[in-house]
Amino acid sequence: MIRDPLDAQDPGESRGPAMTLYSYFRSSAAYRVRIALELKGLPYACIPVHLVRDGGQQLAPGYRALNPEALVPTFIEPDGGALTQSLAIVEYLEEIQPEPPLLPRRPVDRAYVRSIAMQIACDVHPIDNLRVLSYLKKTLGVSDEQKNVWYRHWVDLGFAALEAHLIQETRPGGRVGRFCFGDTPTLADLCLIPQVFNAKRMSIPLDPYPTIERIANAAADIEAFVRAAPGNQIDAE
């Protein structure tokens, strides 16, 4: 993997033909894309965009020119086009590099894996991301403890539903194995592992969710997940 620091570079500058990922080490969405890139063995340049430092580097005009939402990740594909939204980026990577696959072969199984991914990416993560937590504290004036209670409530609610979803799946080939679908990582695991990381940061016990915890432990044994982990990024604090 090629890794370049942000340094003084304007995010709007041309980066050449290599794939480039604008990332923040603790961003769940960027983490998903890093896992996909590592699993597929695709070389890429990683440019850190610190979401807190300097008032939020994602708000700088140069970065907004790439991503008007002022979010991470932003992915620059080889022809120079900018892609946003982590699940769309991962699906793009799946199409240009099908091996190893992150989606099963059968359409019904692909839909199932996508449903798990979206359960996390659409129903759990957005309620607890940095923008929401900052608004709660800075605009609504909630205390740190109240903010943390908010975070834990929604993660616990989401994890309880996900745990039930995983263990109740009975379709042939659809049962949880080492991972959310069978014994190899899929798009669902790319979404789950970053959410588990965040839960641990917030001291949320995983004991009530043994299936989720077991999947997270399995991922920890795979080098691609290790390389993509927040603590192993160049902007890790």
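For residue 74, nonlocal amide neighbours, meaning residues 5 or more places apart or on other chains whose placed amide H falls under 5 Å from its own, are 22. Rounded to the nearest 20 debye, the dipole magnitude of the chain is 380 debye, with +1 charges on Lys and Arg beta carbons, -1 on Asp and Glu beta carbons, and the Cα centre as origin.
Give me the tail of P(r) for segment 75-144 as a percent: Cα-Cα pairs with distance above 18 Å.
Details: 1378 of 2415 pairs.
Every Cα pair in segment 75-144 considered, those over 18 Å come to 57 percent.
Which distance in nm do the two modelled labels at residue 69 and residue 197 give, with both placed 7 Å along the Cα-to-Cβ direction? Rounded to a tenth, the inter-label distance reads 1.8 nm.
Per the Debye calculation on segment 88-199 with a single equal scatterer at every Cα and no solvent contribution, log₁₀ I(q)/I(0) for q = 0.22, 0.24 Å⁻¹ amounts to -1.17, -1.32. The sum of -39500 (n - 2.57) across all DSSP H runs of n ≥ 4, divided by the residue count of the chain, sets its helix-only mean residue ellipticity at 222 nm to -14000 deg cm²/dmol. Look at the alpha carbon pairs under 8 Å that are at least 6 residues apart: their mean separation over the length of segment 18-165 gives a relative contact order of 19 percent.
Run the numbers for residue 82 and residue 59: contour at 0.36 nm per residue of separation, minus the present Cα-Cα distance, in nm.
6.6 nm
Solvent-accessible surface of the chain, taken per residue with a 1.4 Å probe and all protein chains present: 47 Å². Using C-alpha pairs under 8 Å with a sequence gap of at least 6, the mean separation divided by the residue count of segment 112-237 gives a relative contact order of 26 percent.
Assuming R0 = 25 Å, can you tell me the calculated FRET efficiency for the pair residue 91 and residue 115, based on Cβ-Cβ distance, to the nearest 0.05?
0.95
Distance from a point 7 Å along Cα→Cβ of residue 99 to each backbone N in segment 36-51: keep the residues under 16 Å and list them by number. Once the point is set 7 Å along Cα→Cβ of residue 99, 39-42 turn out to lie under 16 Å by backbone N, inside segment 36-51.
Per-residue counts of other Cβ atoms within 10 Å, averaged by peptide: what ranking do you get for 156-164, 118-126, 192-200, highest first? Show your work: numbers first, answer last.
Numbers: 156-164: 16.7, 118-126: 18.3, 192-200: 22.4.
Going from most to least packed, we get 192-200, 118-126, 156-164.
With all protein chains in place and a 1.4 Å probe, the accessible surface of the chain carries 56 percent carbon and sulfur.
The values are calculated or read from the model by the stated rules, or taken from the named source; none is laboratory data. Note that the structure is a prediction, hence the values are computed from the model and not measured. Glycine also receives a Cβ, built like all others from the backbone with ideal geometry; neighbour counts cover every protein chain displayed. Ligands, DNA and RNA are excluded from the accessible area calculation, which covers all protein heavy atoms including side chains. Shrake-Rupley method; radii C 1.70, N 1.55, O 1.52, S 1.80 Å.
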